[in-house]
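To start, the structure under review is shown below, and the notes come after it.
The values are calculated or read from the model by the stated rules, or taken from the named source; none is laboratory data. What you are looking at is a predicted structure, and each value in this text was computed from that prediction instead of being measured. Cβ placement follows ideal geometry from the backbone for every residue including glycine, while neighbour counts extend to all protein chains displayed.
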Amino acid sequence: MNFKFELNEQYKNTKEFLLNIKKYFQENSNTIHKARNELKIINYGDVQTVVKAFKIPNKINQIVYAYFRDSKAKKSYKNAVKLRSLGLNTPEPIGYIEFYRNFLFKESFFIAKKYEYDFTIREPLRNKTLENREEIIKEFVEFTFSLHKNNVYHKDFSAGNTLVAIKDDSYEFSVVDINRMEFKTIDLETGLDNFAKLWLDEDDIILIATTYAKLAKVEKNQAINILRKCDKKLKEFVEFKRKVRGKK
């Protein structure tokens with residue numbers, strides 16, 4: 001079996017771990033998420049890591065990822081390196097590795113240092129009684145605006161993909177699940193549309209759009225109307241898909 005990998009220079013002592021990640025992953029039972037892909041917390045020496053194992057793609061994509069397109073593991077690593085070089089927070093990348101058999105792409109893994117956090121942004125968005133809820137959301141909008149000002153567009157910006165750590169009297173945010181990102185100039189509508197996947201209610205639409213408008217130096221009603229439109233469009237699309245699936 002052939003493989004390709006890249007290892008963060010600061011974590012040279014984890015090379016054995018990376019090269020034997022399939023064994024370590026199989027022997028570890030500390031799964032923290034399992035759906036299409038699986039995440040496990042694995043300790044190696046004094047480093048606590050989160051390892052993401054990506055599902056082996058179908059036959060067509062095994063060819064695509066072998067010859068034409070970067071894998072999700074590689075993009076996760078490269079995007080993390082780029083974000084941190086821009087001063088934007090994401091768990092520290094350690095490395096990635098891809099395995100090949102018979103010239104086809106098979107297993108792939110992305111490894112990052114475990115980030116200590118208190119909750120995801122889903123908590124303040126769903127829990128109306130959470131202490132300092134409004135302040136957390138405002139600071140989250142500021143963090144998102146900093147992504148956009150640095151031409152970073154997270155295409156999977158769901159409520160579970162922003163981690164929140166309480167730091168004294170403020171909050172620190174960190175984005176995860178970053179293999180699907182675009183680096184491009186982000187206009188007002190594109191920036192506000194990024195919040196649509198958070199599945200907002202009317203009060204949070206107003207709060208988020210008003211905060212974003214202040215940062216972008218635009219009229220708040222303009223921002224509110226844009227976010228309302230983006231939110232409605234996504235919800236209608238999701239409802240349409242549910243109806244179509246229900247008819248099958």
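Can you name the residue in the stretch 18-68 that is within 18 Å of Gly95 (Cα to Cα) and among the charged types (D, E, K, R) and, of all such residues, is surrounded by the most Cβ atoms within 10 Å (Cβ to Cβ)? Ranking the candidates gives Lys52 first. Taken as a whole, the stretch 211-221 holds at least one residue that is β-branched (Val, Ile, Thr), in contact (Cβ under 8 Å) with a residue 60 or more places away in the chain, surrounded by 20 or more Cβ atoms within 10 Å (Cβ to Cβ) and outside the structural domain of Ile32 (by TED's automatic domain parsing). Can Ala73 be described as surrounded by 19 or more Cβ atoms within 10 Å (Cβ to Cβ), closer than 27 Å to Tyr171 by Cα and in contact (Cβ under 8 Å) with a residue 40 or more places away in the chain? Spelling it out, it is not the case that Ala73 is surrounded by 19 or more Cβ atoms within 10 Å (Cβ to Cβ), closer than 27 Å to Tyr171 by Cα and in contact (Cβ under 8 Å) with a residue 40 or more places away in the chain. Applying a threshold of 9 Å to beta carbon distances and a minimum spacing of six or more residues, or different chains, the list of pairs starting in the stretch 86-103 at a residue that is within 15 Å of Ser174 (Cβ to Cβ) and in the same structural domain as Asn8 (by TED's automatic domain parsing) and ending at one that is in a loop (DSSP other than H, G, I, E, B) and among the hydrophobic types (A, V, I, L, M, F, W, C) reads Thr90/Val176; Thr90/Ile178; Pro91/Val176.
Pairs are defined by a Cβ separation below 6 Å, a sequence spacing of at least 6 or placement on different chains, a first member in the stretch 1-22 that is more than 20 Å from Lys55 (Cβ to Cβ), and a second member that is in a helix (DSSP H, G or I); the pairs so defined are Leu7/Lys15; Leu7/Leu18. Considering the stretch 189-208, and only residues there that are under 24 Å from Thr90 (Cα atoms) and among the hydrophobic types (A, V, I, L, M, F, W, C), the residue that is surrounded by the fewest Cβ atoms within 10 Å (Cβ to Cβ) turns out to be Trp199. Among all positions in the stretch 53-70, there is no residue which is farther than 21 Å from Lys4 by Cα, in a loop (DSSP other than H, G, I, E, B) and either among the β-branched types (Val, Ile, Thr) or touching a residue at least 24 places away in the same chain (Cβ under 8 Å) (or both). Of all residues in the stretch 133-161, those that are on the phi > 0 side of the Ramachandran plot have Cβ atoms under 6 Å from Cβ atoms of residues that are charged (D, E, K, R), 6 or more apart or on another chain, in Asn151/Lys184. Select from the stretch 101-126 the residues that are buried (at least 21 other Cβ atoms within 10 Å of the Cβ) and of a type in the set (Val, Ile, Thr) and write down the one among them that is farthest from Arg69 (Cα to Cα). Selected residue: Ile121. Being part of a strand (DSSP E or B), polar (S, T, N, Q) and either under 26 Å from Phe173 (Cβ atoms) or touching a Gly at 6+ places or on another chain (Cβ under 9 Å) (or both) is a description that applies to Asn43. Residues that are under 19 Å from Lys75 (Cα atoms) and surrounded by 14 or more Cβ atoms within 10 Å (Cβ to Cβ) within the stretch 1-17 comprise Phe3, Lys4, Phe5, Glu6, Leu7, Asn8, Tyr11, listed in sequence order. Hey, any hits in the stretch 127-138 for a residue that's within 27 Å of Ala73 (Cβ to Cβ), surrounded by 14 or more Cβ atoms within 10 Å (Cβ to Cβ) and not aliphatic (A, V, I, L, M)? Taking every residue of the stretch 127-138 in turn, none turns out to be within 27 Å of Ala73 (Cβ to Cβ), surrounded by 14 or more Cβ atoms within 10 Å (Cβ to Cβ) and not aliphatic (A, V, I, L, M).
Whether a residue is buried (at least 18 other Cβ atoms within 10 Å of the Cβ) and touching a Lys or Arg at 6+ places or on another chain (Cβ under 6 Å) was assessed, and Asn179 passes this test.
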